[in-house]
Amino acid sequence: MSSTIGKNIKISIFGESHGKGIGVVIDGLPAGESVDIEELKDFMKRRAPGTSDLATKRKEGDIPEILSGLYQDRTTGSPLAAMIRNSDQRSKDYSNLKDIPRPSHADYTSYLKYGGHADMRGGGHFSGRLTAPLCIAGGIAKQILAAKGIYIGAHLSSIEKIEDKRWDPVEITKEELLSPGKKEIPVIDEEAGNKIREKILEMIKDLDSVGGVIECAAIGVPGGLGNPIFDGLENRIAQMIFGIPGVRGIEFGTGFEGTRMQGSKHNDSLQIQGEEVKTLTNHAGGINGGISNGMPILFRVGMKPTASISMEQDSFSISEMKNKKLVIKGRHDPCIAIRAIPVVEAALAIILLDEMAGEESGFKRD
């Protein structure tokens, strides 16, 4: 399984949803970078299950156990290894799924790939639970980037036809960027948040689920990060984002809306402001030719509705090769987009830190 990513800073994710534990190894972190464990725990809580009536009732503390690479709250330069021990598995809820695959899950495709040998309890290595170690790596990356004046935030842009406000793509303040992440429903507009809550509670009552769109941004990113053609900044971000279970699409800047614009409106005019070069608009989302231009990096991620729903569905028996009805048991999120928000932030942080590490000046200290 390809669970390793990175050029200068490499991360490797391990574990299964119902195994003894899950974790991450981060190789290439420079020595001497400060890491606040309490801040990391707070970040992990945003993704952790069992913290809201709008999420799965599985209760996991998701407290990272640092095994190596950190001493006296600073990176040592050696690989940083961390794990989370699973404590609230209910594997019996998944006993029938070894033979009857769940619709829109990796149950059947993993059977085709691994011949039934993969541990698929709770989704196994394909589970959204594996985004917890991703958040360990991303949470650490966010802290290192913040020390360099680079900040990352995200909010729930929409579910169904309920739309949150959007950030000004040209000028996003640090407070505006980080504010949604402090709320139970990470939105900019409180009224939109109330409507989203009502919709999710409706989905719980109907034994159904709903998808959503996440808007993510980074400010303070210097120009010049990335490469053209196959190793562009969009390419690398997109690859990382698609490692998050449930992602269905990504668009940068104006995205598909830009296809309905004329070039005279879509082009981002350049202007010198003080001693900096800025663009008057940001339809590109802060990236041109695969390289950051110094404007806010801005993109949106589409998350599918949670595939595990409690109503009866059609499937089949692998052993009998007969059609079967399936009712999925267990505890599941009615909207995975909410808990995916810090995961998207983490994914962006990992790529930006990796790109910074590849620049000669990326880790110069005062």
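Details
- In the range 109-132, of all residues being open to solvent by less than 10 Å² (accessible area, probe 1.4 Å) and more than 11 Å from the chain's Cα centre (by Cα), the one that is nearest to Asp27 (Cα to Cα) corresponds to Gly124.
- Residue count, the range 224-242 (criterion: open to solvent by 50 Å² or more (accessible area, probe 1.4 Å) and either farther than 26 Å from Val187 by Cα or of a type in the set (Gly, Ala, Ser) (or both)): 6
- The listed residue being open to solvent by 60 Å² or more (accessible area, probe 1.4 Å) and either within 24 Å of Gly193 (Cα to Cα) or among the aromatic types (Phe, Trp, Tyr) (or both), out of Pro305, Pro342: Pro305
- Test: residue in the range 236-256 that is of a type in the set (A, V, I, L, M) and farther than 26 Å from Arg129 by Cβ: no
- Some residue of the range 243-252 being assigned to a loop (DSSP other than H, G, I, E, B), open to solvent by 10 Å² or more (accessible area, probe 1.4 Å), in contact (Cβ under 8 Å) with a residue 24 or more places away in the chain and basic (Lys, Arg): no
- Out of Asp333, Asp314, sole residue that is part of a strand (DSSP E or B), of a type in the set (Asp, Glu) and either under 21 Å from Arg129 (Cβ atoms) or in contact (Cβ under 8 Å) with a residue 60 or more places away in the chain (or both): Asp314
- Among the residues of the range 194-214, those identified as within 22 Å of the chain's Cα centre (by Cα) and in a loop (DSSP other than H, G, I, E, B) are Ser209, Val210, Gly211.
- Flag if Val221 is part of a loop (DSSP other than H, G, I, E, B) and hydrophobic (A, V, I, L, M, F, W, C): yes
- Matching residues, the range 7-31, being touching a strand residue (DSSP E or B) at 6+ places or on another chain (Cβ under 6 Å), open to solvent by 30 Å² or more (accessible area, probe 1.4 Å) and either among the basic types (Lys, Arg) or part of a loop (DSSP other than H, G, I, E, B) (or both): Lys10, Gly28, Ala31
- Conditions (1) open to solvent by 70 Å² or more (accessible area, probe 1.4 Å); (2) under 20 Å from the mean Cα position of the chain (by Cα); number of the one not met by Ala217: (1)
- For the range 146-190, a residue qualifies if it is of a type in the set (D, E, K, R) and touching an Asp or Glu at 6+ places or on another chain (Cβ under 7 Å), and the qualifying residues are Asp164, Lys165, Arg166, Asp189.
- Within the range 281-291, tally of residues that are touching a helix residue (DSSP H, G or I) at 6+ places or on another chain (Cβ under 6 Å) and either in a strand (DSSP E or B) or open to solvent by less than 10 Å² (accessible area, probe 1.4 Å) (or both): 2
- When residues of the range 296-313 are limited to those that are among the hydroxyl-bearing types (Ser, Thr, Tyr) and out of contact with any Pro (no Cβ under 8 Å at 6 or more places or on another chain), the one farthest from Gly243 (Cα to Cα): Ser310
- Restricting attention to the range 78-137 and to residues that are out of contact with any helix residue (DSSP H, G or I) (no Cβ under 9 Å at 6 or more places or on another chain) and under 21 Å from Ile66 (Cα atoms), the residue that is modelled with the lowest pLDDT turns out to be Asp88.
The values are calculated or read from the model by the stated rules, or taken from the named source; none is laboratory data. Since we're looking at a predicted model, the values are computed, not measured. Quick reminder, even Gly has a Cβ in these numbers, built from the backbone with ideal geometry, and neighbours come from all protein chains shown. Note: accessible area is taken over every heavy atom of the protein model, side chains too, but ligands, DNA and RNA are not part of it. Shrake-Rupley method; radii C 1.70, N 1.55, O 1.52, S 1.80 Å.
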